[in-house]
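The structure appears below as structure tokens.
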Amino acid sequence: MKVFITGVSSGIGWGLAKRYLSEGHEVFGISRRIPEDLNQEKNFHHAICDIENLPESSKVIQGLLNGNETLDLCILNAGILGPISDMKDQSIENLKKVMEINVWANKPIIDTLIQTIPKIEKIVAISSGAAVNGNKGWGGYSISKTALNMMIKLYAAENDQINFYAFAPGLVDTAMQDYLCSGSLDTASFPSAQKLIEARNTPNMPSPLEAGKILSKAIAKLHEYPSGSFVDVRKM
């Protein structure tokens, strides 16, 4: 199986890449930093890419995937959390940055994949329960993931030869947790964030390595849902 993953240097992207490589699959990854441990794997191919630079990302992906006719799975994982605060306190600048990375950066990536690779089986965008929960404080992140879900649904409607999914991975111990647990957040004002902090270092929040095993199995079952669906791993 050939797998393409964005944001492959840490978190969920790294965990999934590690898992697929351990199963003998070929992984193509982009990220701003080189994942040194993955780079030692013979089936791993990497290119440095800042997805905020839209023209660059298209060129980098074309170069990385040059010569490949098929991709079994594309995982659009790269994204940011943005600040946790009331909407009235979220600046337009911050909201735009979150939207730029979590939504708009994925458009040229999807377009380039479709234009470059003749046959793609499945494109999965990493979404979040925040896309539908509307919990206080999640502002730009919730808005961006909701928009991402709809963008995936629209691409599915326009490309019936590819299966598209927006996939919520549940709780995973990533860099997002470092921010939430930093002590800089007034968690009393944001109960949903407090719940995530309390879940850290418990079985309810797996490490990226553990999540790679769990999520790869769930992603393999996404074909059971209609293309364009939003699927939460906790409800599968």
Seminar exercise, completed: For region 117-144, the count of residues that are at pLDDT below 95, open to solvent by 20 Å² or more (accessible area, probe 1.4 Å) and part of a helix (DSSP H, G or I) equals 1
Exercise. Of all residues in region 85-116, how many are exposed (fewer than 15 other Cβ atoms within 10 Å of the Cβ) and among the small types (Gly, Ala, Ser)?
Worked result: 1
Exercise. Among the residues of region 177-190, which ones are assigned to a helix (DSSP H, G or I) and surrounded by 13 or more Cβ atoms within 10 Å (Cβ to Cβ)?
Worked result: GLN177, TYR179, LEU180, THR187, SER189
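I'm trying to understand the selection: among the residues of region 85-116, which are touching an Asp or Glu at 6+ places or on another chain (Cβ under 7 Å) and not in a helix (DSSP H, G or I)? I'd like the intermediate steps shown before the answer.
First pass over region 85-116, keeping only residues touching an Asp or Glu at 6+ places or on another chain (Cβ under 7 Å): 100-101, 105.
The answer is ALA105, and nothing else.
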Problem set entry | Residue list for region 191-205, restricted to those being open to solvent by less than 20 Å² (accessible area, probe 1.4 Å) and either part of a loop (DSSP other than H, G, I, E, B) or within 20 Å of GLY13 (Cα to Cα) (or both) | MET205
For this session: Mind telling me which of the residues LYS88, LYS42 ends up being out of contact with any strand residue (DSSP E or B) (no Cβ under 6 Å at 6 or more places or on another chain) and at pLDDT below 95?
Result: LYS42
Exercise. Filter region 145-168 for residues that are open to solvent by 20 Å² or more (accessible area, probe 1.4 Å), in a helix (DSSP H, G or I) and charged (D, E, K, R); which is nearest to LYS217 (Cα to Cα)?
Worked result: LYS153
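Residues that are open to solvent by 70 Å² or more (accessible area, probe 1.4 Å) and among the aliphatic types (A, V, I, L, M), at least 1 per element: which strands (runs of 3 or more DSSP E) completely within region 24-84 meet that?
Working: elements: 26-31, 44-48, 73-76.
Per the criteria, 44-48.
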Exercise. So which pairs qualify, if the first residue must be in region 30-43 and closer than 21 Å to GLY79 by Cα, the second must be exposed (fewer than 14 other Cβ atoms within 10 Å of the Cβ), the Cβ gap must be under 8 Å, and the two must be at least 6 apart or on different chains?
Worked result: ILE30/ILE48; SER31/ILE48; ARG32/ILE48; ARG33/ILE48; ILE34/ILE48
For this session: Please verify whether region 216-226 includes one or more residues that are acidic (Asp, Glu) and assigned to a helix (DSSP H, G or I).
Result: yes
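The values are calculated or read from the model by the stated rules, or taken from the named source; none is laboratory data. This is a predicted model, so every value here is computed, not measured. Here the Cβ is made from the backbone with ideal geometry for all residues, glycine too, and neighbour counts use every protein chain on show. With ligands, DNA and RNA removed, areas are computed over all heavy atoms of the protein, side chains included. Shrake-Rupley method; radii C 1.70, N 1.55, O 1.52, S 1.80 Å.
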